[in-house]
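Some notes on the structure that comes next.
Every read-out reported here was derived from the displayed coordinates using simple, explicitly stated rules and does not represent laboratory data. Just so it is clear, the structure is predicted and the values come from calculations on it, not from any experiment. Using ideal geometry, Cβ is built from the backbone for each residue, glycine included, and neighbour counts are taken over all protein chains shown.
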Amino acid sequence: MAEIRVVIADSDIQSRKSLKAILSQAGHVVVGEAEDSLAALKLVRTRQPDLVMLDAKMAVMDAEFPYIIEDDGLAPVILMTQGEQYRVNEAGDRHFAYIIKPIAEKSLLPIIDMVLKNYQKIRNLEQEVTKLKDTIETRKLVEKAKGILMESHKISEAEAFKRIQKQSMNKRVSMKSVAKAIILAHEI
């Protein structure tokens, strides 16, 4: 496992020291420590860690904190808990990995590996979904622009597509941009 940059957010200084020692021994770097969620969020935003280790009691007191980190795509989160009574409730499709304190190196390292791999898979899927949505939007716009060209110039669908494609290449802009311009010009 490569070096991982970690932010630890825990109000218990002994717990932070212990976790920092485990992470350092495993070859990882603790880039910040925080006693409360606000300080932790500032650290996460400025230090851009690969992972956030968050005390579950802190997540219960400020329930939005782990979701902000997740929604903004800042880093994956592992919740540290004393037991089930501090486990953060799962909301919808959101689940956080958690580990029970006291944390042992042999249980922490596989969890870190799993969380990082799952986080990367999720980010890759989100990027793919974004690309697919853009592709669908582009196709809809091109279809509409082709319709406009076919109606206004009395040309075939293939010819309308060729014109959009040629304009895209000549102007060095995307077909989506050309289609938008055709639609806008038609609406004026």
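Based on Cα atoms of region 128-187, Rg over Rh with Rh as the Kirkwood radius reads 0.99.
Spatially, region 1-63 and region 134-156 are offset by 52 Å when compared through their Cα centroids. Annotation: the residues 182, 99, sorted from fewest to most other C-beta atoms within 10 Å of their own C-beta, follow the order 99, 182. Which residue, 119, 185, 156, has the largest displacement toward the positive end of the dipole of region 116-188 when charges sit on each Cβ (Lys, Arg +1; Asp, Glu -1)? It is 119, whose Cα lies furthest towards the positive end.
Calculated on the Cα set of the chain, radius of gyration then Dmax: 24.9, 77 Å. Going by neighbour counts of Cβ atoms within 10 Å, the residues 150, 114, 53 line up, fewest first, as 114, 150, 53. Listed by chain and number, the lysines whose alpha-carbon sits under 16 Å from that of residue 144, ignoring those within fewer than 8 places in the same chain, are 154, 162, 176, 180. Mean-square fluctuation check for the chain, GNM, Cα pairs under 10 Å: which of 155, 136, 103 is largest? Residue with maximal mean-square fluctuation among 155, 136, 103: 155. Against the chain, whose longest principal axis is taken from its Cα atoms, helix 37-47 shows a tilt of about 60°. With R₀ fixed at 22 Å, the C-beta to C-beta distance from residue 120 to residue 45 puts the FRET efficiency at about 0.65.
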